[in-house]
Amino acid sequence: MRTIVLGGTRFIGRAVVEELLAAGHEVLVVHRGQHEPQGLPDVPHLHVHRRELASRSTELRAFAAEGLIDLSAMTGGDATTALDAVPGGLSMVVASSIDVYRAFSSLWAGTVTDAVPLTEESPMRTGPPPDRAYVMEGYDYEPAEYEKLDVEAAYLDRGGVVCRLPMVYGPHDFKHREDFVLGRLRAERRRIPTGAGGLLWSRGHAADLAHGMRLALEHAGVRGEVFNLCESQCAPLRLWMEWILEAAGVETELVRVSDELLPEDLEITGNIAQHWMASAEKAREMLGWVHGDPKERVRDSVRWHLAHAPPDDPRDFAADERALDAAGPA
Ligand SMILES: NC(=O)c1ccc[n+]([C@@H]2O[C@H](COP(=O)([O-])OP(=O)(O)OC[C@H]3O[C@@H](n4cnc5c(N)ncnc54)[C@H](OP(=O)(O)O)[C@@H]3O)[C@@H](O)[C@H]2O)c1
């Protein structure tokens, strides 16, 4: 299959390109050219801001694509601009997020509204995403315009498939999801304050999610469908932290402290009422999607992140110290 990938050079998109190439696709990667890390698969690139895709529609059409995977649509405008620039009749998949569910707003609001696991039929958000002020690093959009629900609507309207992604981790993750633990290990912290760590927050390894997106692209019978893609076993936050520590092979104590004392980046380990856990049962049934063993996957990710630490960020562990002092000696 000849497939256009919008995005594709950083993390999840990179895993998608690798997945497509391994399955025999011919790929055209379309992005601005701001992120061209070493070691990317050798495929043609078209450099253009996605706002200006229409100006390159001749080149896009010349590729004679049969499929498209859109990794970089953050706003409704992002989606419609792309859809207007590519030829009709393509098989299409767009990356969305489980932030479209109402449960995400409830989690932020400190309330509980929804049963888990969340299915594709679970209630959706009715207001804007509560973390809208946050702009994903390396992207270029107005925070007030971020809305995956708009992206989904535009693609579904043209028969595209929506894949709702959870917290994504794995090699090349520029968000360094495990760093709330690994950063402390790098600073030789041997005690980490934590809350009860009971939150169920769905995760997925980039390679597994890329596999799911490829299956959705190639399956002619699922056009216009929405799929959650996430691991079926969702270790609570604290167990995930233990897996990270075990994978890093460093003896470190997780010290239970009261929620009021949790450092900001560890507040997620506190008492959170609304779980944010989805079910990918539909993807398993309709796409035959399976994923790797989550604990093995964490090991794979930690191995990569230990070898590729983020740029030095002098951190202040005063809040850790306060919490640990209150908890008493080891
Ligand atoms: N990470 C998570 O936990 C998570 C969770 C849920 C959903 N998602 C979704 O997963 C998707 C993929 O994430 P990713 O960042 O890992 O994908 P990626 O495809 O590996 O990287 C982003 C790509 O988009 C390109 N890009 C960014 N802004 C652009 C613009 N204005 N015009 C053209 N190209 C642009 C970047 O290249 P240039 O900079 O060179 O343009 C890069 O190739 C996103 O839609 C995200 O919302 C992620």
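The values are calculated or read from the model by the stated rules, or taken from the named source; none is laboratory data. Bear in mind that the values here come from a model prediction, so they are computed numbers and not experimental data. Cβ placement follows ideal geometry from the backbone for every residue including glycine, while neighbour counts extend to all protein chains displayed.
For the stretch 95-152, filtering for residues that are among the aromatic types (Phe, Trp, Tyr), part of a helix (DSSP H, G or I) and more than 16 Å from the chain's Cα centre (by Cα) leaves 1. Exactly one residue out of Ala187, Ala207, Ala196 is under 14 Å from the mean Cα position of the chain (by Cα) and over 14 Å from Ala247 (Cα atoms): that is Ala207. The set of residues from the stretch 44-78 being within 10 Å of the ligand (Cβ to nearest atom), surrounded by fewer than 16 Cβ atoms within 10 Å (Cβ to Cβ) and touching a residue at least 40 places away in the same chain (Cβ under 8 Å) comprises just one member, His49. Whether any residue in the stretch 183-191 is within 25 Å of Ala73 (Cβ to Cβ), touching a residue at least 40 places away in the same chain (Cβ under 8 Å) and more than 14 Å from the ligand (Cβ to nearest atom) is what I want to check. The answer is no, given that none of the residues of the stretch 183-191 is within 25 Å of Ala73 (Cβ to Cβ), touching a residue at least 40 places away in the same chain (Cβ under 8 Å) and more than 14 Å from the ligand (Cβ to nearest atom). Arg132 meets each of the listed conditions (1) under 17 Å from Arg164 (Cα atoms); (2) of a type in the set (D, E, K, R); (3) surrounded by 14 or more Cβ atoms within 10 Å (Cβ to Cβ) apart from (1). Name the single residue, out of those in the stretch 216-243 being surrounded by fewer than 24 Cβ atoms within 10 Å (Cβ to Cβ), touching a Gly at 6+ places or on another chain (Cβ under 7 Å) and of a type in the set (A, V, I, L, M), that is farthest from Val100 (Cα to Cα). It comes out as Met241.
Tallying residues that are part of a loop (DSSP other than H, G, I, E, B), charged (D, E, K, R) and under 30 Å from Met213 (Cα atoms) within the stretch 291-330 yields 1. Among the residues of the stretch 210-225, not a single one is in contact with a His (Cβ under 7 Å, 6 or more places away or on another chain), modelled with pLDDT of 95 or more, at positive phi and not in a helix (DSSP H, G or I).
Sub-6 Å Cβ pairs linking a first residue in the stretch 31-43 that is within 15 Å of Leu6 (Cα to Cα) and among the polar types (S, T, N, Q) to a second residue that is in a loop (DSSP other than H, G, I, E, B) and more than 6 Å from the ligand (Cβ to nearest atom), at least 6 apart or interchain, number zero. Among what's in the stretch 84-119 and is of a type in the set (Val, Ile, Thr) and away from the ligand (no atom under 16 Å from the Cβ), pick the residue that is farthest from Leu156 (Cα to Cα). Only one residue tops the list, namely Thr111. Scanning the stretch 1-39 for residues that are in a loop (DSSP other than H, G, I, E, B), more than 9 Å from the ligand (Cβ to nearest atom) and buried (at least 17 other Cβ atoms within 10 Å of the Cβ) turns up just one, His25. Only one of the listed residues (Arg164, Arg158) is within 16 Å of the ligand (Cβ to nearest atom) and touching a Leu at 6+ places or on another chain (Cβ under 8 Å). That residue is Arg164.
In summary, Phe174 fulfils each of the numbered conditions (1) surrounded by fewer than 24 Cβ atoms within 10 Å (Cβ to Cβ); (2) of a type outside the set (S, T, N, Q); (3) touching a Ser or Thr at 6+ places or on another chain (Cβ under 8 Å) with the single exception of condition (3). The single condition from (1) assigned to a loop (DSSP other than H, G, I, E, B); (2) within 15 Å of the ligand (Cβ to nearest atom) that Thr81 fails is (1). Looking only at the stretch 155-183, which residues are more than 14 Å from the chain's Cα centre (by Cα) and in a loop (DSSP other than H, G, I, E, B)? Scanning the stretch 155-183 gives Arg158, Gly159, Gly160.
With the structure loaded, tell me whether Met136 is closer than 18 Å to Asp265 by Cα, among the aliphatic types (A, V, I, L, M), modelled with pLDDT of 95 or more and within 12 Å of the ligand (Cβ to nearest atom) or whether it fails that test. Considered against the rule, which asks whether it is closer than 18 Å to Asp265 by Cα, among the aliphatic types (A, V, I, L, M), modelled with pLDDT of 95 or more and within 12 Å of the ligand (Cβ to nearest atom), Met136 comes out as no.
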